[in-house]
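Student: Input: one structure, supplied below.
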C-alpha cells in the first residue's frame, strides 16, 4: 500500500509536495503602459505547478504586490496567472487565457478562481465551452 496512513497521509504528503514546489517558483510581474502591475505569472514545466494555488503560503506570496484578494487563472498545467481583484484587468486577458487553454497539451481549467482569506472558489470563466 502506497499510503498506509490512508487519505490523511495522502493529503499531508500532497500538501508538503506542493508547498515544496511553490518555494521553487518565482513570480514574474507584468506591468501596463502606466507602469502599474497588471498580473503575475508563475510558470514551470512541473506537473505540480497548477496545484500550488491551494498551497499554504500561495496567497501571501502576492499580498504586498497584488493585494489580499486575488483572481487566478490556470489555463494549463504549467501556467498560473494571478490578478488583483480590485482594479484588476483580468477581463482584458480572457482571449489570451482562452488561447493558452485551447492550445495546451495538458489543459488546466477555463474557470476563474477567487482567493481570499476565506478560501478559494470559482467566480467565473474566461471561456465558455
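The values are calculated or read from the model by the stated rules, or taken from the named source; none is laboratory data. Just so you know, these numbers come straight off a predicted model, no measurement behind them. FYI the Cβ positions are ideal-geometry reconstructions off the backbone, even for glycines, and counts take in every protein chain you see.
Student: Exactly one of (1) in contact (Cβ under 8 Å) with a residue 12 or more places away in the chain; (2) out of contact with any strand residue (DSSP E or B) (no Cβ under 6 Å at 6 or more places or on another chain) is unmet by residue 25. Its number?
Tutor: Only one criterion in (1) in contact (Cβ under 8 Å) with a residue 12 or more places away in the chain; (2) out of contact with any strand residue (DSSP E or B) (no Cβ under 6 Å at 6 or more places or on another chain) is unmet by residue 25, namely (2).
Student: Could you list, in sequence order, all residues of the stretch 109-125 that are in contact (Cβ under 8 Å) with a residue 12 or more places away in the chain and in contact with a strand residue (DSSP E or B) (Cβ under 6 Å, 6 or more places away or on another chain)? Can you show your working first?
Tutor: Taking the stretch 109-125 as the starting set, the residues that turn out to be in contact (Cβ under 8 Å) with a residue 12 or more places away in the chain are 109-117, 120, 123-125.
Selection gives 109, 110, 111, 112, 113, 114, 115, 120, 123, 124, 125.
Residue-by-condition table, conditions (1) at negative phi; (2) modelled with pLDDT of 95 or more; (3) part of a loop (DSSP other than H, G, I, E, B):
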position	(1), (2), (3)
39	yes, yes, no
42	yes, yes, no
86	yes, no, yes
91	yes, no, no
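Student: I'd like the residue in the stretch 64-95 that is under 9 Å from residue 126 (Cα atoms) and out of contact with any helix residue (DSSP H, G or I) (no Cβ under 9 Å at 6 or more places or on another chain) and, out of all such residues, is surrounded by the most Cβ atoms within 10 Å (Cβ to Cβ).
Tutor: 93
Student: OK, next. Given the criteria more than 13 Å from the chain's Cα centre (by Cα) and free of Cβ contacts under 8 Å to residues at least 12 places away in the same chain, does residue 47 qualify? Give the steps one after another, and end with the answer.
Tutor: Details: more than 13 Å from the chain's Cα centre (by Cα): yes; free of Cβ contacts under 8 Å to residues at least 12 places away in the same chain: no.
The answer is no for residue 47.
Student: Turning to a different aspect of this structure: For the stretch 41-63, how many residues are exposed (fewer than 15 other Cβ atoms within 10 Å of the Cβ) and more than 18 Å from residue 11 (Cβ to Cβ)?
Tutor: Residues in the stretch 41-63 being exposed (fewer than 15 other Cβ atoms within 10 Å of the Cβ) and more than 18 Å from residue 11 (Cβ to Cβ): 5 in total.
Student: Residue check, residue 101 against (1) under 14 Å from the mean Cα position of the chain (by Cα); (2) in a loop (DSSP other than H, G, I, E, B); (3) farther than 23 Å from residue 24 by Cβ, all met but one. Which one?
Tutor: (2)
Student: For the stretch 104-126, name all the residues that are surrounded by 12 or more Cβ atoms within 10 Å (Cβ to Cβ) and assigned to a strand (DSSP E or B).
Tutor: 107, 111, 112, 113, 114, 115, 116, 120, 123, 124, 125
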